[in-house]
1. Please indicate, with yes or no, whether at least one residue in region 1-23 is surrounded by 11 or more Cβ atoms within 10 Å (Cβ to Cβ) and in a strand (DSSP E or B).
2. Report whether or not V117 is touching a residue at least 12 places away in the same chain (Cβ under 8 Å), open to solvent by 10 Å² or more (accessible area, probe 1.4 Å) and under 30 Å from V22 (Cβ atoms).
3. Counting just the residues of region 335-360 that are of a type in the set (A, V, I, L, M) and modelled with pLDDT under 95, which one comes out surrounded by the fewest Cβ atoms within 10 Å (Cβ to Cβ)?
4. What pairs come up if the first residue lies in region 159-182 and is among the small types (G, A, S), the second is loosely packed, with under 13 Cβ neighbours inside 10 Å, and their beta carbons are under 8 Å apart, counting only those six or more places apart or on different chains?
5. In region 211-237, what residues are out of contact with any Lys or Arg (no Cβ under 7 Å at 6 or more places or on another chain) and open to solvent by 10 Å² or more (accessible area, probe 1.4 Å)?
6. Out of all the residues in region 151-163, is one or more open to solvent by 40 Å² or more (accessible area, probe 1.4 Å) and assigned to a helix (DSSP H, G or I)?
7. Taking V289 and the conditions (1) farther than 24 Å from M383 by Cα; (2) open to solvent by 60 Å² or more (accessible area, probe 1.4 Å), which numbered condition does it fall short on, given that it satisfies the others?
8. Quick check: is even one residue across region 60-75 touching a residue at least 40 places away in the same chain (Cβ under 8 Å), of a type in the set (G, A, S) and open to solvent by 20 Å² or more (accessible area, probe 1.4 Å)?
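The values are calculated or read from the model by the stated rules, or taken from the named source; none is laboratory data. Keep in mind it's a predicted model, so treat the numbers as computed, not measured. Quick reminder, even Gly has a Cβ in these numbers, built from the backbone with ideal geometry, and neighbours come from all protein chains shown. The protein model used for the area step is the full one, side chains on, heavy atoms only, and it has no ligands, DNA or RNA in it. Shrake-Rupley method; radii C 1.70, N 1.55, O 1.52, S 1.80 Å.
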Amino acid sequence: MDYQSAFRTAVEQVQDEGRYRVFADLRRHRGNFPYATWTTPAGDQRDVVVWCSNDYLGQGQNPVILDAMHRAIDEAGAGSGGTRNISGTTSYHVELESELADLHGKEAALLFTSGYVSNEATLSTLQKILPGLITFSDELNHASMIAGIRNGGGARKIFRHNDLADLERLLAAAPPEAPKLVAFESVYSMDGDISDIRATAALAKRYGALTYLDEVHAVGLYGARGGGVSERDGVADQIDIIEGTLGKAFGVMGGYITADTNLIDAIRSFASGFIFTTSLPPALTAGAVASIRWLKEHDEVRAKHQERAAALKRRMTAAGLPVMPSVSHIVPVLVGDPVHCKMISDMLLTDHGVYVQPINYPTVPRGTERLRFTPTPFHTDAMMDDLVSALGTLWTRCNVQRLGGYAA
């Protein structure tokens with residue numbers, strides 16, 4: 001077997017399709033978000049404005065969080081020292097799980113090393129604890145949710161995106177006595193649309209199904225205290241399991257689930273993704289606690305964030321750019337071709353000092369390649385004007401058709 005040839009062929013296929021990913025070498029500026037230093041392929045360094053960060057609120061630069069992380073290092077050192085079962089449960093972890101449970105109005109929470117792991121571990125483990133479980137999954141659920149559902153090995157049914165009639169059709173056809181789980185997201189990060197949580201929860205309850213809600217792109221950003229769309233809409237108590245991340249709006253790293261005590265204890269006792277991995281360092285958990293507490297008290301940051309997203313959408317629409325419809329903070333601009341998408345991204349970076357990563361297949365379906373902008377409270381009007389001007393120039397230069405709006 002020519003292993004090296006196989007590896008080269010696999011990469012060449014991605015390159016030929018125009019969706020080969022190139023990582024930009026960035027160093028963020030402390031206290032100067034959203035600026036970063038980009039190290040070019042030639043080794044030069046240039047300042048750029050980052051337009052695609054998932055640090056949605058710039059919390060990774062909040063002095064309150066940085067101070068908490070420094071204190072934790074001074075008090076406890078670097079690593080946690082082990083898995084949660086073997087010396088890796090510290091007071092920082094216990095405090096964070098209590099804070100997360102309070103954020104979502106649940107009895108308990110369980111901390112994981114990332115949002116991907118929390119989804120994969122929980123959704124696969126539920127199928128072990130509940131023999132015969134049928135999982136009903138939105139067709140646009142995140143890769144981590146899909147992996148967890150598949151890895152559990154149980155029956156799964158895929159319903160059309162945000163289509164409750166299709167979900168009910170599948171629920172009604174399932175054996176009434178079978179355990180069931182409806183898994184869906186609040187904010188879908190590539191299109192920026194939001195699910196009807198209240199109606200989904202009511203439908204699931206009607207058919208005796210548990211509900212699993214991924215709030216990764218909503219925690220910290222929605223609700224009076226940052227509890228997500230479920231808090232904003234007053235339906236968190238109607239969801240059995242709320243999953244979230246600490247690596248986006250909270251500006252640190254980690255993932256978690258919140259639910260009732262019995263469910264959390266069961267996942268804690270059976271999930272390999274939790275049991276057999278080193279726990280997060282004290283500095284990260286201390287930073288997350290500080291971030292959650294700070295955002296619970298600062299709703300004005302969320303209001304500013306929404307205002308900035310709306311402002312960018314207005315500017316892009318007025319300029320005739322093909323902004324896809326979005327009711328959230330996500331601002332996707334349709335390109336529709338992987339080569340053009342990367343070309344525009346490259347030119348924005350090299351010619352205009354703007355960094356936004358192209359979003360190509362398999363993250364989105366072929367033919368819907370896009371640039372995904374995530375404005376923050378720190379993106380100014382001047383930054384937006386520069387961005388829109390650059391995009392207007394490149395849309396013509398790259399011979400990408402102006403659609404004047406998203407065409408399905």
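1. no
2. Yes: the conditions hold for V117.
3. Initially, region 335-360 is screened for residues of a type in the set (A, V, I, L, M), giving 335, 339, 343-344, 347-349, 354, 356, 359.
From what is left, the residues that are modelled with pLDDT under 95 are 335, 339, 343-344, 347, 359.
Numbers: V335: 27, V339: 15, M343: 19, I344: 23, M347: 17, I359: 22.
Residue satisfying both the conditions and the ranking: V339.
4. A178/G132
5. A224, R232, G234, A236, D237
6. Yes: region 151-163 contains one or more residues that are open to solvent by 40 Å² or more (accessible area, probe 1.4 Å) and assigned to a helix (DSSP H, G or I).
7. (2)
8. no
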